[in-house]
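**Q** What follows is a single structure, and I will ask about it in a moment.
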Amino acid sequence: MTHPTRMSRRLSVIAPLALSAAVAFAQPSPPPAASTTTPALPPAATGVPAPSPIAPAPRPAPAQSTDFDCIIEARQTVDIRSPVEGLIEKVAVERGEFVKKGQIVVTLESGPERAAVAIAKSKAEQQGAVKAAEARLDLARKKEIRAEELARQNFISPNALEEARTERSLAESELKVARENQKLAELEVQRAAELLNMRTIRSPVNGVVVDRYIKAGEFATTNVKDPILKIAEVDPLNVEVILPARLFGDIKRGTKAEVTPETPPRKFIATVAVVDQVMNAAAGTFGVRLELRNPNLEVPAGARCRVRFLN
């Protein structure tokens, strides 16, 4: 049995706790705290443009609106060699000089060849053998005519007439041989002149001397590894450009283009001369060559450039 004093103590402790709990339950709950997060604003209020929907991929720009890298090259480069062996008498040009087609650039010593031409001309001008053969033929014909008259009068035998005719035939053959020899002598003049011309080397193109390898006094050979000069043809020039495969078919022969070299930095008009019909499969490209007129030699070969194709 519980003691009354101990019971009263418990009640005195429990009663205030129960009263406090009841008072707390009876009070209204405080309103929820206002959110500190800024509400989302519409795109127009933020000043930032709203993201647009995904646009389709742009079409490749046409060749007429795009510049491409290119390089300007000489139309051709020629190594000048000697067709015959001999000592070089004179090199008439230096590096950097402009030469015209047919201009003498190298001369080899040609004393024996000049003498051979003189001898051949002298033989070709000799008319003694032909004149002698013509005279013998004329005499043989006269003898034949007299023999025929005497034979008709029975003053000579048929054998004598036959001999006269044979002499005339031999005289005709001798004249023919003399004239053939005369023709051979004239041809010998041409041959000697050609051999002499081979000692004089001319430029095969209009161009610029790129380099000189041998000077006067050295021995020129027919070896392909030993050129005397190198000449580059620089009018017209070739403009080489590599284009992407997507432009194949848009660029045709005769298409005009603007070419802007590094120097001088001006625009020049060029014309498409070659379009490669075989592509580079690995790179997806094809080559195009344009022809650029260069009459005043304003544009140097070997310069880099930019090209834009025109409509």
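**Q** Just give me the residues in the range 128-162 being of a type in the set (A, V, I, L, M, F, W, C) and in a loop (DSSP other than H, G, I, E, B), in sequence order.
**A** If the condition is that a residue be of a type in the set (A, V, I, L, M, F, W, C) and in a loop (DSSP other than H, G, I, E, B), then PHE155, ILE156 are the ones that fit.
Residue-wise test of (1) at pLDDT below 90; (2) hydroxyl-bearing (Ser, Thr, Tyr); (3) loosely packed, with under 12 Cβ neighbours inside 10 Å; (4) over 30 Å from ALA192 (Cβ atoms).
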site: ALA132; (1), (2), (3), (4): no, no, no, no
site: ARG136; (1), (2), (3), (4): no, no, no, yes
site: ARG141; (1), (2), (3), (4): no, no, no, yes
site: PHE155; (1), (2), (3), (4): yes, no, yes, yes
site: GLU163; (1), (2), (3), (4): no, no, no, yes
site: GLU167; (1), (2), (3), (4): no, no, no, yes
site: ALA171; (1), (2), (3), (4): no, no, no, yes
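**Q** Which members of the range 285-300 meet the condition of being surrounded by 11 or more Cβ atoms within 10 Å (Cβ to Cβ) and in a loop (DSSP other than H, G, I, E, B)?
**A** Correct list: ARG293, ASN294, LEU297, GLU298, VAL299, PRO300.
**Q** For the range 74-127, which residues satisfy the criterion of being in a loop (DSSP other than H, G, I, E, B), within 12 Å of LEU229 (Cα to Cα), open to solvent by 20 Å² or more (accessible area, probe 1.4 Å) and touching a residue at least 24 places away in the same chain (Cβ under 8 Å)?
**A** Matches in the range 74-127: ARG81, GLU94, ARG95, GLY96, GLU97.
The values are calculated or read from the model by the stated rules, or taken from the named source; none is laboratory data. Given the structure is predicted, the values throughout are model-derived calculations rather than measurements. Cβ: placed from backbone, ideal geometry, glycine included. Neighbour counts: every protein chain shown. Accessible surface areas use protein heavy atoms only, side chains included; no ligands, DNA or RNA. Shrake-Rupley method; radii C 1.70, N 1.55, O 1.52, S 1.80 Å.
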